[in-house]
Amino acid sequence: MSKPTNDTTFFDGSIFLGIDGGGTKCKAVLMDHNQTILGVGISGPGNPVYGVELAKNSIVESAKIALEQAKSKYLTLGDLHLGSVIAGIGLAGANVPQMYKEMSEWKSPFKAKYITTDLLIACLGAHNGRDGAVMISGTGSCGYSYVKGQSTIIGAHGFPQGDKGSGAWFGLQAVEASLLSLDKIGPKTSMLNFLLEELQVNNAEDIVAKFASKPSSIFASVANVVFLAAQEDDQVALAIIKEGAEYINTMARLLDDTTPPRITLIGGLTAFITPYLDAELQLRLAPSLSPPEVGAVLYAIKQNALSARKIPNRC
């Protein structure tokens, strides 16, 4: 990870906390006024859609872990506590007005908190606080650009009604194709064998039991089945990958309309899906410069400065 290069005049000597709260885990990073990473922490789910209190607890827990790590490494931080830090908190689900309202009204243990979406902090992190666009292909999927103070979102409708090209979507396609194959309604596919091995089951009923009423992360955990089958030239798997890749290709073309200076693909499926994207897009993809939790710190730095100067929030 390269060192963020956001305008250092925003720093006032404070300690900043960056939170990336997702559906499966919450990541925290603690940074000082020199933009040095002091400590990191990981805890449980941070998406308030799945439970506001759970999200709050995960945020605090990850922050405590980062704080304790920092204090163990730097003796001068011995008296540092949660009430000393300024937090930038990017959350999946914060684009839902009710979720944003509830999290904004939270009386957190931090000195100050600034709530925003996980999309914005991912974009700020990927481009070190500068304008750009990101496409996310992880448990979920979406496209996002932040250019000249304007945000553009493509997708982000959630699973199963959205999130095409995501880990959850690929996992769902694998399950559906495997069940159709077992019922002899759909074509044979090697995804079935990979799925049975992955789940340690041997029939359709057991497959269904593994996924009934389960969250998107459970489906995402078997996304690799599609790509393993594709390596064996499985035509069903390759068709699924082609459909998912074309969704990301189209997303990139739409994001181009916002004229972002950089565009980046991030998320757990990046390495798997990139070889199947349009050749031109593959050449244009820029590397992510910092992770989302660092983007949350950059967001907190800017919002803290704007608050001090009484400038309206544009993000």
(message) Go through (1) in a loop (DSSP other than H, G, I, E, B); (2) in contact (Cβ under 8 Å) with a residue 12 or more places away in the chain for Asn202 and report which single condition fails.
(response) (2)
(request) Among the residues of segment 263-313, write down those that are modelled with pLDDT of 95 or more, small (Gly, Ala, Ser) and over 27 Å from Ile15 (Cα atoms). (result) Ala271, Ala279, Ala286
(message) I need every pair where a residue in segment 65-88 that is touching a residue at least 60 places away in the same chain (Cβ under 8 Å) has its Cβ under 6 Å from the Cβ of a residue that is among the hydroxyl-bearing types (Ser, Thr, Tyr) and not in a helix (DSSP H, G or I), sequence separation at least 6 or different chains.
(response) Ile86/Ser14; Gly88/Tyr114
(request) Looking only at segment 166-184, decide whether some residue is in contact with a helix residue (DSSP H, G or I) (Cβ under 9 Å, 6 or more places away or on another chain), surrounded by fewer than 18 Cβ atoms within 10 Å (Cβ to Cβ) and in a loop (DSSP other than H, G, I, E, B). (result) yes
(request) Within segment 247-268, identify whether any single residue is among the basic types (Lys, Arg), under 30 Å from Gly44 (Cα atoms) and not assigned by TED's automatic domain parsing to the domain that holds Cys123, and answer yes or no. (result) no
(request) Mind counting the residues in segment 267-305 that are surrounded by fewer than 17 Cβ atoms within 10 Å (Cβ to Cβ), part of a helix (DSSP H, G or I) and in contact with a helix residue (DSSP H, G or I) (Cβ under 9 Å, 6 or more places away or on another chain)? (result) 5
(message) So, in segment 78-110, exactly how many residues are within 17 Å of the chain's Cα centre (by Cα), of a type in the set (A, V, I, L, M) and in a loop (DSSP other than H, G, I, E, B)?
(response) 3
(request) All but one of (1) surrounded by fewer than 17 Cβ atoms within 10 Å (Cβ to Cβ); (2) out of contact with any Ser or Thr (no Cβ under 7 Å at 6 or more places or on another chain) hold for Ile42, so report the exception by its number. (result) (2)
(request) Only residues that are closer than 16 Å to Ile59 by Cα and free of Cβ contacts under 8 Å to residues at least 60 places away in the same chain: list them for segment 95-110, please. (result) Met99, Tyr100, Glu102, Met103, Ser104, Glu105, Trp106, Lys107, Ser108, Pro109
(request) Filter segment 111-159 down to the residues that are touching a Gly at 6+ places or on another chain (Cβ under 8 Å) and assigned to a loop (DSSP other than H, G, I, E, B), then identify the one that is nearest to Val49 (Cα to Cα). (result) Gly158
(message) Being surrounded by fewer than 17 Cβ atoms within 10 Å (Cβ to Cβ) and at pLDDT 95 or above is true for just one of Pro109, Pro97. Which residue is that?
(response) Pro109
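The values are calculated or read from the model by the stated rules, or taken from the named source; none is laboratory data. Just so we're clear, the structure is a prediction, and the values are computed from it rather than from any experiment. As a convention, Cβ positions derive from the backbone with ideal geometry for all residues, glycine included, and neighbour counts pool all protein chains shown.
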